[in-house]
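In what follows, a single structure is set out as structure tokens and then discussed.
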Number of protein chains: 2
Amino acid sequence: MVTDSTDVLDATFHALSHPTRRAMLATLADGVERSVGELAAPFDVSLAASSKHLKVLEAAGLIERRVVGRTHSVRIDASPLAEVADWTEAFRACWEPTFARLDGVLEEMKRHRKARRDR
Amino acid sequence: MVTDSTDVLDATFHALSHPTRRAMLATLADGVERSVGELAAPFDVSLAASSKHLKVLEAAGLIERRVVGRTHSVRIDASPLAEVADWTEAFRACWEPTFARLDGVLEEMKRHRKARRDR
DNA sequence: CGAATCCGTAACCATGTGGTTGAATATCGC
DNA sequence: GCGATATTCAACCACATGGTTACGGATTCG
């Protein structure tokens, strides 16, 4: 069965469907906090448009905002991506139908299980 | 660097942002071909609306259509999901810092601390 | 204090989305 | 050929999206 937390996935997939928002997330992927202005700089749109994009990301729970003085400091919260990964992985057999990587996958599962056990 | 084939990911993420379309894909995940009517049956919308959903999935390359007689037979093509998986996996370290890619994460933390120190 | 900076909000516009209903097209069964 | 079936297409509607410009609210700097 393919599980589906509709609300989360709706918002997350929608947030990821725009290249500007994906690029912003990619920028934040190093874990460093950045201001709205810093995040908007690489893109050829107004600050207001960038602000809207960040609001979409925030609504999806993909970023968190910390207001410090007059600047809004933004950092990534990638936890919704875990659901995306889970959802997508459920289809892996559909695009990788051969058993070529079966060994690797089994190894992966063992390590994953061990890691979970050791946690 | 987080790679990004914009066009594919735009269309794919958008296609996945609607629960009905995700459910249709999930239905097709077993690899069995189904007619438009069969796919539309579980949902409380008109056939025309379902047809539109399928067109979105088709535009994203997530399904393929084979017209046989008067029925359109639809099957999954999950290959765009591979890109989604790749894109998402690049962020795994962001939500699973405990054991996934531990080395990378440690490096990340060092840089992060340095960045904070240098600020 | 006053000016500059960082950022959000409001109003606006063009276009897209998700839904409907109703008609058109093509095929199957009789 | 005729009626039923499967599906798309077209027109319409309410609303969301992505963009703009203009303004306002804090906050920092001089």
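Is it fair to say B:S51 is within 14 Å of chain A (Cβ to nearest Cβ) and free of Cβ contacts under 8 Å to residues at least 24 places away in the same chain? Before you say what the answer is, go through the steps one by one.
Working: within 14 Å of chain A (Cβ to nearest Cβ): no; free of Cβ contacts under 8 Å to residues at least 24 places away in the same chain: yes.
Taking the combined requirement at face value, the residue does not satisfy it.
Consider the stretch A:32-82. How many of its residues are in contact with a strand residue (DSSP E or B) (Cβ under 8 Å, 6 or more places away or on another chain) and surrounded by fewer than 13 Cβ atoms within 10 Å (Cβ to Cβ)?
Count: 3.
In the stretch A:63-97, which residues are among the small types (G, A, S) and at the interface with another protein chain (Cβ under 10 Å from one of its Cβ atoms)? Show your work before the answer.
Keep residues of the stretch A:63-97 that are among the small types (G, A, S), which gives A:69, A:73, A:78-79, A:82, A:85, A:90, A:93.
The answer is A:A78, A:S79, A:A82, A:A85, A:A90, A:A93.
In the stretch B:13-31, which residues are more than 8 Å from every other protein chain (Cβ to nearest Cβ) and surrounded by 12 or more Cβ atoms within 10 Å (Cβ to Cβ)? Once the filter is applied, which keeps residues that are more than 8 Å from every other protein chain (Cβ to nearest Cβ) and surrounded by 12 or more Cβ atoms within 10 Å (Cβ to Cβ), the stretch B:13-31 yields B:A15, B:T20, B:R21, B:M24, B:T27, B:L28.
None of the figures in this text is laboratory data; all of them are computed from the coordinates on show. Bear in mind that the values here come from a model prediction, so they are computed numbers and not experimental data. Virtual Cβ from ideal backbone geometry, glycine too; neighbours counted across all protein chains shown.
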